[in-house]
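Every number here is computed from the coordinates shown, using simple stated rules; none is lab data. It should be emphasised that the depicted structure is a prediction, and the values quoted were computed from it without experimental measurement. All Cβ positions, glycine included, derive from the backbone under ideal geometry; neighbour counts span all protein chains shown.
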Amino acid sequence: MRIEEDVKLDFKDVLIRPKRSTLASRKEVDIGRAFTFRWSGQAYEGVPIVAANMDGVGTMDMARAFAQMGQGATVALHKHYKLDALLDFYKKEGSKNVWYSIGVADADVEKLDAFLKKSPKGIDKLCIDVANGYAEPFADFVKKMREKLPDVTIMAGNVVTGEMVEELILSGADVVKVGIGPGSVCTTRKMTGVGYPQLSAVIECADAAHGLKGLVCSDGGCTVPGDLAKAFGAGADFVMLGGMLAGHDQCEGEFIEEGGCKYAVFYGMSSGMAMEKHAGGVAEYRASEGKAVRVKRRGDVAATLQEILGGLRSACTYVGAVKLKELSKRTTFVRVTQQLNNVFGAE
Ligand code: 5GP
């Protein structure tokens, strides 16, 4: 047993220190990023925000809404869409602003193979998503997918430490998804005691990835636009959002009306509710690592996304970053907590 004494921080533990700036208005800030992905060679331009591949959020309607906004934000479609629905969506909407999501199950691969056989244009982006990216077969799986899909941009995760980021990039991932336990409906830290404070995870993983010309996506734990600014300030290339995009008109799932208020049910993909829905219950050998919450209905996601982008632009003006790309270079974090007193996430 070993104890690591270095301080590890979450979004709530820091603020971004303002800096002298020549920017007169937030209108001057460019919050898009341009990347050429290391393996696929594809070019990306746009606001590097990704809707999480969760039932309620990673929806086709969300993808249509993002496309309509024209800012380049992308959606990781949840993996429970039927083959025909996916074929139809890709045929009508194209593949540019969506990630096709899979886990490592045989059924996921079979569905992807069937999709690729029937879809003339195939996919642009693939999100390979497992709760624990540390299992050895996971890196092998990424390798196989890279061999099979050399021109497709692959995002893979989740992990929280530099050595595993490097392994996944060397195995063929263009983007590594970073985050274990920070999610708004995640109970991994409580159920297993495993996790890593998200801000530190992003700082360390971004450093590892950028050394290999790979990228990272900070996944989970953002509850307000300022958290996205902190994630980008820490070095994230993309930020993935679940809870912040839940409850909108573009979300799927159960909606409730009570006491004159409208709510949506938002649940973790490893929650009892998700496993009940997709696997007929929680398997005997595992425990649920997610929960279900009610979130207020929030109307059209376009207004929320605008607000998030407004917050990001403003953060950039406070530190004098003309482009989002400059934000991390211009970020100094000020610690505002002495102790990690709520590492178990939002309650
Ligand atoms: P949020 O933006 O809501 O804080 O976090 C979204 C992320 O939480 C997702 O992208 C995914 O990585 C993670 N997540 C979603 N459902 C679950 C779950 O049931 N358990 C755990 N451990 N993580 C989850």
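Could you sort the peptides 174-185, 265-276, 281-292 by per-residue average Cβ neighbour count (10 Å cutoff), highest mean leading? Before the final figure, lay out each step's value.
Working: 174-185: 28.3, 265-276: 21.5, 281-292: 13.8.
Top of the packing list down: 174-185, 265-276, 281-292.
Could you tell me which residue out of T337, Q306, I154 lies farthest along the dipole of the chain toward its positive end? Charges go on the beta carbon: Lys and Arg +1, Asp and Glu -1, centred on the Cα centre.
Selected residue: Q306.
Over the chain, what is the relative contact order in percent, taking alpha-carbon pairs closer than 8 angstrom and at least six residues apart? Walk me through the numbers on the way to the answer.
Numbers: 725 pairs, mean separation 80.0, N = 347.
Over the chain, the number comes to 23 percent.
Find, among the trypsin sites (Lys or Arg not before Pro) in the range 41-83, those assigned to loop by DSSP (not H, G, I, E, B) with at most 12 other beta-carbon atoms within 10 angstrom.
In loop regions of the range 41-83 (DSSP not H, G, I, E or B), the sparsely surrounded trypsin sites (Lys or Arg not before Pro) are K82.
Check the straight Cα-Cα distances from K12 and name the lysines below 19 Å, setting aside those fewer than 8 residues away within the same chain.
Candidates past the 8-residue exclusion: K190, K230.
If you take the charge dipole of the range 1-151 about its Cα centre, with +1 on Lys and Arg Cβ and -1 on Asp and Glu Cβ, which of V47, T22, G122 is farthest toward its positive end?
Among V47, T22, G122, the one farthest towards the positive end of the dipole of the range 1-151 is T22.
What is the log10 of I(q)/I(0) for the range 243-329, computed with the Debye formula using one identical point scatterer on each Cα and no solvent, at q = 0.18, 0.19, 0.23 Å⁻¹?
-0.84, -0.87, -1.02
What list of ³J(HN,Hα) couplings, whole Hz, do you get for the range 164-172 from phi and the Karplus terms 6.51, -1.76, 1.60, once you set θ to phi - 60° and write x for glycine and proline?
Taking θ as phi minus 60°, the curve returns 7, 4, 4, 4, 5, 5, 5, 7, x Hz for the range 164-172.
Starting from the Cα gyration tensor of the chain, multiply each eigenvalue by 5, take the square root, and state the resulting semi-axes largest first in whole Å.
Ellipsoid semi-axes (Å, largest first): 28, 23, 23.
If amide hydrogens are placed 1.01 Å from N in the peptide plane, which non-local residues have theirs closer than 5 Å to the one on V130?
Placed amide hydrogens put G157, N158 under 5 Å from V130.
Run a plain Debye calculation on the range 1-76 (Cα atoms as equal point scatterers, no solvent) and give log10 I(q)/I(0) at q = 0.15, 0.16, 0.26 Å⁻¹, rounded to two decimals, same order as the q list.
Log-scaled intensity ratios, in q order: -0.88, -0.94, -1.13.
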